[in-house]
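Taking it in order: structure first as structure tokens, then the write-up.
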Amino acid sequence: KRLSRELQLATAGIAIMPPPDDTETQYTSADNLIGERNELPNGLPGDSITFIGLNAGQNFLEDRPAQTGLVQISYSLKQDPERVPQEDYPVYSLIREEVPYERPFSEAFQKAVRFPLVDTVESLSFEYFDMATKEWSRTWGDGQKKELPAMVRCTIKVRTPRAIPKTISVTVPLRAKRQPRRR
């Protein structure tokens with residue numbers, strides 16, 4: 001639900017931030033979402049997604065203020081170095097990262113908030129619907145695929161507390177890409 005809500009808050013026309021290790025890289029206002037196809041050591045998908053969301057900042061229960069306005073959000077899988085494997089299959093944590101959209105970017109990345117959402121993930125894949133070609137793609141952000149896609153499909157495979165495999169899939173239409181109805 002969280003990922004669906006945040007994708008619907010994806011904002012067109014605002015460039016994603018440069019990588020934290022190269023804050024001099026510049027993107028254009030058409031570079032609104034980056035979807036990378038990755039493969040995990042177990043051979044399953046371990047994709048990642050990065051986009052700018054308007055008013056999609058995390059609310060905190062402690063004395064820390066929420067990040068309002070524009071934030072860059074990323075979802076990816078990471079292996080928890082402190083987790084002692086208790087199963088005979090590899091699992092990863094679904095990590096959400098949020099960075100306030102501020103300049104200088106080097107200082108904004110110091111305010112990043114990262115936390116795990118799910119810690120028994122076996123795979124994560126994203127697909128992007130290109131309205132121009134009417135096709136789904138596993139990557140986004142290169143060539144002609146720069147502005148927001150019309151829809152994003154996310155499929156995540158997890159293990160339940162009883163170690164039962166479960167697949168969850170959701171397709172989210174992006175509000176910023178909705179076309180007005182013709183009368």
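Some observations on this one:
- Hull-based mean projected area of segment 112-171, where the convex hull spans the alpha carbons, in square nanometres: 5.5 nm²
- Theoretical FRET efficiency, 1/(1+(r/R0)^6), r = Cβ-Cβ of Val170 and Gln26, R0 35 Å, to 0.05: 0.60
- Heavy-atom accessible surface of Ser29, to the nearest 10 Å², is about 70 Å², with a 1.4 Å probe and all protein chains retained.
- Heavy-atom SASA rank of Arg138, Arg162 (probe 1.4 Å, accessible area, largest first): Arg162, Arg138
- Multiplying the residue separation of Arg2 and Glu107 by 0.36 nm and removing their Cα-Cα distance gives an extension gain of 35.2 nm.
- Ranked from largest to smallest solvent-accessible area, with a 1.4 Å probe on the protein heavy atoms, Lys146, Lys111 come out as Lys111, Lys146.
The values are calculated or read from the model by the stated rules, or taken from the named source; none is laboratory data. Values in this document were obtained by computation on a predicted structure and should not be read as measured data. Neighbour counts are summed over all protein chains in view; Cβ atoms, including those assigned to glycine, are modelled from backbone coordinates with ideal geometry. When the accessible area is computed, the model is the full protein with side chains, heavy atoms only, and any ligands, DNA or RNA have been set aside. Shrake-Rupley method; radii C 1.70, N 1.55, O 1.52, S 1.80 Å.
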